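J.: Let me begin by handing over the structure; questions about it come next.
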């Protein structure tokens, strides 16, 4: 269950921001999560709730925005959605593909109350 480690790292970042900006209450945490991260949303949400207990983050809404896996063909420059981890250009069938989206895992923003 790598979700616990992910939430631990998220809270390290959140706690820095809380101290830095003297935040009294976090209302929402919005995450960008790429398809390739293999993060299970329900587990991530439950871990988030556990970490948030007895902190200024307790009760905050966790919003998870999924980022689909996309590739770019290095031969014909076609940008396409990757399904079932099939890294092959649907236009020219080349397997020379660069991943351009789907590996994201970061806090996009925090909604706070001062």
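J.: Here is a check on your reading of the model: is residue 7 at negative phi, in a helix (DSSP H, G or I) and surrounded by 14 or more Cβ atoms within 10 Å (Cβ to Cβ)?
T.: yes
J.: Here's another thing I want to ask about it. Of everything in the stretch 16-48 that's in contact with a strand residue (DSSP E or B) (Cβ under 8 Å, 6 or more places away or on another chain) and loosely packed, with under 12 Cβ neighbours inside 10 Å, which residue is nearest to residue 103 (Cα to Cα)?
T.: 21
J.: Can you tell which of 104, 108 is in contact (Cβ under 8 Å) with a residue 40 or more places away in the chain, closer than 27 Å to residue 8 by Cβ and in contact with a helix residue (DSSP H, G or I) (Cβ under 9 Å, 6 or more places away or on another chain)?
T.: The conditions single out 104.
J.: Which one is farthest from the chain's Cα centre (by Cα) among residues in the stretch 49-85 that are more than 30 Å from residue 11 (Cβ to Cβ) and surrounded by fewer than 12 Cβ atoms within 10 Å (Cβ to Cβ)?
T.: Across the stretch 49-85, the extreme among qualifying residues is 77.
Read-outs: derived from the displayed coordinates by stated rules, not from any lab. On a predicted model such as this, the values are computed, not experimentally measured, just so you know. Because the Cβ atoms are built from the backbone with ideal geometry, glycine has one as well, and the counts that use them run over all protein chains shown.
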